[in-house]
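Below: the structure, in structure tokens.
The values are calculated or read from the model by the stated rules, or taken from the named source; none is laboratory data. All values derive from a computational prediction rather than experimental measurement. Cβ coordinates were reconstructed from backbone atoms using ideal geometry, including for glycine residues, and neighbour counts include every protein chain displayed. We work out accessible area using only protein heavy atoms, side chains counted, and drop any ligands, DNA or RNA first. Shrake-Rupley method; radii C 1.70, N 1.55, O 1.52, S 1.80 Å.
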Amino acid sequence: MDLKTINYKLWRILTMYYCSQTRITEFRNIKLSDVHFDKQYFIIFERKGKRYHEVIKPINIHVAKLWKEVLSEAEKDDLYLFCNDLIPGTNPCTEWSLSNKYRRWVKGKLGIEADMGSLRHTFANDITTNYGLEEAQKALGHTNQKTTRIYAVDYKEQLLEKQKQLKIGM
């Protein structure tokens, strides 16, 4: 939350990204025309193997206000939601620009050591904790549960805790 105070636009994109169920490369390429706010979803083009597939992702209700804010800053449908200034623009935010901002503000100013990619891992872990491995797999678009387990770092511990609580005919 300290980031919200010192760099609101970076906090906003990272918060939206965390809840987006996407990879950062997919998220930074969202255009205004990909967003269907009235139906609470957006479209990404996800790469699986050598092909791109259109995938519908939900707009999480906890960050809908942030989506609405960004959408209100956009003037026309062909704009990317985030350019290098982290506001709508004609070119998507580059990975270098976003990584540089993250390194400067999150790692440098706040002293956080985790990389930006850790947000996706944290999301996977949080979904697994609250809704189970199968739901996390669906949310992240993994075809194999083994992949989801890589990101759900607390999964084995949570499973062990649940198994300790099993009630059997006593």
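Brief remarks follow.
- Index of the failed condition, Asn84 passing every other in (1) in a helix (DSSP H, G or I); (2) more than 13 Å from the chain's Cα centre (by Cα); (3) of a type in the set (S, T, N, Q): (1)
- Condition met for Leu160 (out of contact with any Cys (no Cβ under 8 Å at 6 or more places or on another chain), among the hydrophobic types (A, V, I, L, M, F, W, C) and not in a helix (DSSP H, G or I)): no
- Scanning region 78-95 for residues that are free of Cβ contacts under 8 Å to residues at least 24 places away in the same chain and surrounded by 15 or more Cβ atoms within 10 Å (Cβ to Cβ) turns up Cys83, Asn84, Gly89.
- Answer residue from region 33-77, given it is in a strand (DSSP E or B) and of a type in the set (Ser, Thr, Tyr) and is most open to solvent (accessible area, probe 1.4 Å) among those: Tyr52
- When region 83-129 is filtered for residues that are among the hydrophobic types (A, V, I, L, M, F, W, C) and closer than 28 Å to His142 by Cβ, the ones remaining, listed by number, are Cys93, Trp96, Leu98, Val106, Ile112, Ala114, Met116, Leu119, Phe123, Ala124, Ile127.
- Odd one out for Asn7, checked against (1) in contact with a Cys (Cβ under 9 Å, 6 or more places away or on another chain); (2) open to solvent by less than 60 Å² (accessible area, probe 1.4 Å); (3) of a type outside the set (Phe, Trp, Tyr): (1)
- Filtered residue count, region 143-153, keeping only those that are more than 13 Å from Tyr131 (Cα to Cα), modelled with pLDDT under 80 and either open to solvent by less than 90 Å² (accessible area, probe 1.4 Å) or of a type in the set (Phe, Trp, Tyr) (or both): 1
- Filtered by the rule that a residue be over 26 Å from Phe45 (Cβ atoms) and either among the basic types (Lys, Arg) or assigned to a loop (DSSP other than H, G, I, E, B) (or both), region 101-148 gives Arg103, Arg104, Lys107, Lys109, Leu110, Gly111, Ile112, Glu113, Ala114, Gly132.
- Breaking point among (1) modelled with pLDDT of 90 or more; (2) open to solvent by 60 Å² or more (accessible area, probe 1.4 Å), for Leu98: (2)
Yes/no per residue for (1) over 13 Å from Asp154 (Cβ atoms); (2) over 16 Å from the mean Cα position of the chain (by Cα):
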residue: Lys101; (1), (2): yes, yes
residue: Val106; (1), (2): yes, yes
residue: Gly117; (1), (2): yes, no
residue: Asp126; (1), (2): no, no
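- Residues being open to solvent by 60 Å² or more (accessible area, probe 1.4 Å) and either in a helix (DSSP H, G or I) or at positive phi (or both) - total across region 19-32: 0
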